[in-house]
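Read-outs throughout are calculated quantities, based only on the coordinates presented, and are distinct from any laboratory measurement. A quick note: this is a predicted structure, and the numbers were derived from the prediction, not measured. We place every Cβ from the backbone using ideal geometry, glycine too, and count neighbours over all the protein chains shown.
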Amino acid sequence: MISSANGTKACAKAMEVLKSGGDTLEAVVQGVTLVEDDPNDTSVGYGGLPNEEGVVELDASVMHGPTRRAGSVASVRNIKNVARLAKMVM
């Protein structure tokens, strides 16, 4: 797994899921959810920075390697866990 500095806890969570036999996609989504839930992280989710209109809009994309399925969402408002939403779209 690779992440920016704000994703170290996400990688640890994802590895925990994988080591317990979890699916790769679910591992990543669970890891990203930690970052999305952090109000102090301004890059994604709950703490995301607003657009020029003062509204937080989030994007997410996921891909499941083994099945080659993918899902994405863009400009989502009022939902902080958009990675889970992208998984649902998939």
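Numbers at a glance
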quantity: Order of 72, 4 under a 10 Å beta carbon neighbour criterion, fewest first; calculated: 4, 72
quantity: Phi to ³J(HN,Hα) by Karplus 6.51 cos²θ - 1.76 cosθ + 1.60 over the stretch 44-50, Hz, x for Gly, Pro; calculated: 8, x, 3, x, x, 6, x
quantity: Hydrodynamic radius of the stretch 45-88 per Kirkwood, over alpha carbon pairs, in Å; calculated: 11.0
quantity: Shape metrics for the chain, restricted to C-alpha atoms - Rg then Dmax, Å; calculated: 13.2, 43
quantity: 0 to 90° range, to nearest 10: angle between helix 8-19 axis and the chain longest Cα axis; calculated: 30
quantity: Within the chain, helix-based [θ] at 222 nm, where runs of 4 or more DSSP H residues each add -39,500 (n - 2.57), nearest 500; calculated: -11000 deg cm²/dmol
